[in-house]
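**Q** Okay, handing you the structure first.
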Amino acid sequence: MGNGFDSFIMFNVYAQRATNPDDMENEENKFLHEENMKAFKYALSINKSPSVWAAWGTIVEKRGYLKKCLSEMIGIGNECGATWYKAGKVSKVGHPHHPLYLPKDSKIEIFDINEYLKTI
């Protein structure tokens, strides 16, 4: 994907990874989430004009706490003046797709994160 940008910040919405999203914790680990948000804020703070690639896909629907975590992440991004981007089309309900599920020729474009936030 040729995007013309040097780098994007990409973080997991929640600091737990699982090959199968059904294996994720059923309840939010608040400590884990807080540490993830601290790291996200730090990563944004060391960039003059942070660019965040939104790519969580529909997995954000898998656990009730993920939308709350995402909302917090968006708030931090807005505080830090981040510009949000997505690649390709969004899902039927508006979620930006993960890169694994995008065609190779997908274009990177600005993602209106505040409009998206109204839908989740």
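**Q** Pick from 74, 59: which is assigned to a helix (DSSP H, G or I) and either closer than 16 Å to residue 8 by Cβ or more than 12 Å from the chain's Cα centre (by Cα) (or both)? Explain how you work it out, then say what you get.
**A** Values: 59 fails: either closer than 16 Å to residue 8 by Cβ or more than 12 Å from the chain's Cα centre (by Cα) (or both).
On inspection, the qualifying residue turns out to be 74.
**Q** Since residue 84 meets every condition but one in (1) in a strand (DSSP E or B); (2) touching a helix residue (DSSP H, G or I) at 6+ places or on another chain (Cβ under 7 Å); (3) within 27 Å of residue 23 (Cβ to Cβ), which condition does it not meet?
**A** Evaluating residue 84 over (1) in a strand (DSSP E or B); (2) touching a helix residue (DSSP H, G or I) at 6+ places or on another chain (Cβ under 7 Å); (3) within 27 Å of residue 23 (Cβ to Cβ) leaves (3) as the failure.
**Q** Here is a further query. Does residue 26 count as within 23 Å of residue 83 (Cβ to Cβ), touching a residue at least 12 places away in the same chain (Cβ under 8 Å) and not in a helix (DSSP H, G or I)?
**A** no
Here's the yes/no breakdown for (1) at pLDDT 80 or above; (2) under 13 Å from residue 76 (Cα atoms):
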site	(1), (2)
3	no, no
6	no, no
21	yes, no
34	yes, yes
39	yes, yes
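**Q** To continue, here is another question. Look through the stretch 95-120, keep the residues that are among the aromatic types (Phe, Trp, Tyr) and at pLDDT below 95, and return whichever of them is most open to solvent (accessible area, probe 1.4 Å).
**A** Only one residue tops the list, namely 101.
**Q** Quick one: residue 92 ticks every box in (1) open to solvent by 20 Å² or more (accessible area, probe 1.4 Å); (2) farther than 19 Å from residue 8 by Cα; (3) not in a loop (DSSP other than H, G, I, E, B) bar one, so which box is it?
**A** It fails just one condition, (3).
The values are calculated or read from the model by the stated rules, or taken from the named source; none is laboratory data. None of these values were measured; they are calculated from a predicted model. A quick note on method: Cβ atoms are made from the backbone with ideal geometry, for glycine too, and the neighbour counts reach across all protein chains shown. Just the protein is used for accessible areas: all its heavy atoms, side chains included, with ligands, DNA and RNA removed. Shrake-Rupley method; radii C 1.70, N 1.55, O 1.52, S 1.80 Å.
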